[in-house]
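The values are calculated or read from the model by the stated rules, or taken from the named source; none is laboratory data. These numbers come from a predicted model, not from an experiment. Note: ideal-geometry Cβ built from the backbone for every residue, glycine included; neighbour counts use all protein chains shown. Each accessible area value is taken on the protein alone, full model and side chains, heavy atoms only, with ligands, DNA and RNA left out. Shrake-Rupley method; radii C 1.70, N 1.55, O 1.52, S 1.80 Å.
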Amino acid sequence: MNFEDIGYFVEYIIDTKCIGTKIISEPDREQIGYYGRIDAVAEEDIIFKNKKRIKKGQAYFTRMYPLCGKKI
């Protein structure tokens, strides 16, 4: 089965706890999922729709996954 890609979501994780997600239209890395992990330190506050935040200077990591749409 093939599905139409409708975008990607990026999980923001601190100490194995998912703080929030953001939806993007184009991939921001080559690998997807665990293998596409990017470690980072917040250069400014990152605020999510669920009102949680990653404060400036806090370490976190991200993973990107595809959002699948309708069956092709």
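List of remarks:
- Whole-percent carbon and sulfur share, accessible surface of the chain, 1.4 Å: 50 percent
- Surface per residue (accessible, 1.4 Å probe) for region 1-53, Å²: 81 Å²
- Relative to the current alpha-carbon distance between K56 and D5, full extension at 0.36 nm per residue lengthens the span by 15.1 nm.
- Two-site FRET efficiency, D15 against E43, from Cβ-Cβ distance with R₀ of 25 Å, rounded to 0.05: 0.80
- Amide H contacts for F9 (H built 1.01 Å from N in the peptide plane; partners 5 or more residues away or on another chain; cut-off under 5 Å): I24, Y65, L67.
- Number of Lys pairs (Cα under 14 Å; 8 or more positions apart or on different chains) in the chain: 4
- Globularity ratio of the chain, using Cα Rg and 2.2 N^0.38 Å: 1.20
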